[in-house]
Amino acid sequence: MPTSLTPSQALLIGYIVAPALFALSVYFTRASLRRAASGLVGVIAYCVVQYAWDRVAAVTGWWSYPGYGTTGSLPMPVAIYIFSGLTFACFGLVGWRIIRRWGWKGLLTFLAAWSLWGFTLDHVGTSLFSSSRLMVISPGVVPAITDFFVYTTCMAAVLLAIRMIGGLFRADSLARTQKSAIIP
């Protein structure tokens, strides 16, 4: 039996979880202040790309967000875009560390794994919370493949912002590095 998640519950979860995840990712990836700020710019990049995909999806009928009751130019409330962007930026900082370590192979592996995870999340989530109608994905191969590439392009936009603002992936030293021991 599908359970129900109301839009206000989804927003409440976003208010708590997204900022906490971002703060934890900054800490655990040992991102410098500049790199963390570039992650926040990545939120804007995510919002722009996701909004563009949502507009295309609305025109083509691939997916919609009827549970939010939004009409007109915004498919979802702005807060949902921002919370989703913070989550993407959080994992974008993890991706930065992967790319820092493994280069372009790490980038491609990270994007593929992230997109597969997001695709699975959307499709399992929409079936588990189908009565909420927070997101409805049309049946068919094209909406499914497009959903996969939404995750790829949105994360690529976040990583590009991290690269453009934060500099080369290997350029900066990591914050909170071990201080060398003082020998008397």
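So if I check each of ALA89, ALA161, ALA157, ALA79, which one is under 16 Å from the mean Cα position of the chain (by Cα), under 30 Å from THR29 (Cα atoms) and either free of Cβ contacts under 8 Å to residues at least 24 places away in the same chain or exposed (fewer than 15 other Cβ atoms within 10 Å of the Cβ) (or both)? So that I can check it myself, show each step before the final result.
Working: ALA89 fails: either free of Cβ contacts under 8 Å to residues at least 24 places away in the same chain or exposed (fewer than 15 other Cβ atoms within 10 Å of the Cβ) (or both); ALA161 fails: either free of Cβ contacts under 8 Å to residues at least 24 places away in the same chain or exposed (fewer than 15 other Cβ atoms within 10 Å of the Cβ) (or both); ALA157 fails: either free of Cβ contacts under 8 Å to residues at least 24 places away in the same chain or exposed (fewer than 15 other Cβ atoms within 10 Å of the Cβ) (or both).
From the options ALA89, ALA161, ALA157, ALA79, the qualifying one is ALA79.
Of everything in region 12-50, what is in contact (Cβ under 8 Å) with a residue 60 or more places away in the chain and small (Gly, Ala, Ser)? Give them in sequence order.
GLY14, ALA18, SER25, ALA31, SER32, ALA37, SER38, GLY39, GLY42, ALA45
How do the pairs read when you match residues in region 124-138 that are under 15 Å from TYR68 (Cα atoms) with residues anywhere that are at pLDDT below 75 and of a type in the set (Gly, Ala, Ser), using Cβ under 7 Å and keeping only pairs 6 or more apart or on different chains?
Filtered contacts from region 124-138: PHE129/SER4; SER131/SER4; SER132/SER4.
Only one of (1) modelled with pLDDT of 90 or more; (2) in contact with a Leu (Cβ under 9 Å, 6 or more places away or on another chain) is not met by VAL150, so which one is it?
(2)
To keep it simple, each residue is scored yes or no on (1) modelled with pLDDT of 95 or more; (2) part of a helix (DSSP H, G or I); (3) over 30 Å from ALA144 (Cβ atoms).
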{"site": "THR3", "(1), (2), (3)": "no, no, no"}
{"site": "SER8", "(1), (2), (3)": "no, yes, no"}
{"site": "ILE16", "(1), (2), (3)": "no, yes, yes"}
{"site": "ARG35", "(1), (2), (3)": "no, yes, yes"}
{"site": "SER38", "(1), (2), (3)": "yes, yes, yes"}
{"site": "VAL43", "(1), (2), (3)": "yes, yes, no"}
{"site": "VAL48", "(1), (2), (3)": "yes, yes, no"}
{"site": "VAL56", "(1), (2), (3)": "no, yes, no"}
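So, in region 100-148, exactly how many residues are under 18 Å from VAL49 (Cα atoms) and surrounded by 14 or more Cβ atoms within 10 Å (Cβ to Cβ)?
Final tally of qualifying residues: 12.
When only residues in region 1-54 that are of a type in the set (S, T, N, Q) and surrounded by 12 or more Cβ atoms within 10 Å (Cβ to Cβ) count, which is nearest to the chain's Cα centre (by Cα)?
Quick first cut of region 1-54, residues of a type in the set (S, T, N, Q) only: 3-4, 6, 8-9, 25, 29, 32, 38, 50.
Filter once more, keeping what is surrounded by 12 or more Cβ atoms within 10 Å (Cβ to Cβ): 4, 6, 9, 25, 29, 32, 38, 50.
Numbers: SER4: 23, THR6: 21, GLN9: 19, SER25: 13, THR29: 16, SER32: 20, SER38: 14, GLN50: 9 Å.
Taking the candidates together, the pick is GLN50.
Filter region 34-88 for residues that are among the basic types (Lys, Arg) and in contact with a helix residue (DSSP H, G or I) (Cβ under 9 Å, 6 or more places away or on another chain) and give the result. Give the steps one after another, and end with the answer.
The initial filter retains those residues of region 34-88 that are among the basic types (Lys, Arg), namely 34-35, 55.
ARG34, ARG35 - these are the residues of region 34-88 that are among the basic types (Lys, Arg) and in contact with a helix residue (DSSP H, G or I) (Cβ under 9 Å, 6 or more places away or on another chain).
Considering (1) at pLDDT 95 or above; (2) touching a strand residue (DSSP E or B) at 6+ places or on another chain (Cβ under 9 Å), say which one ILE137 fails and leave the rest.
(1)
Give me a count of the residues in region 102-130 that are in contact with an Asp or Glu (Cβ under 8 Å, 6 or more places away or on another chain) and among the charged types (D, E, K, R). Full working, then the answer.
Step one: list which residues in region 102-130 are in contact with an Asp or Glu (Cβ under 8 Å, 6 or more places away or on another chain), which gives 118-119, 122-123.
From what's left, among the charged types (D, E, K, R): 122.
Result for region 102-130: 1.
The values are calculated or read from the model by the stated rules, or taken from the named source; none is laboratory data. Quantities reported herein were computed from a predicted structural model and do not represent experimental measurements. Ideal geometry is used to build each Cβ from the backbone, glycine not excepted, and the neighbour counts take in all protein chains shown.
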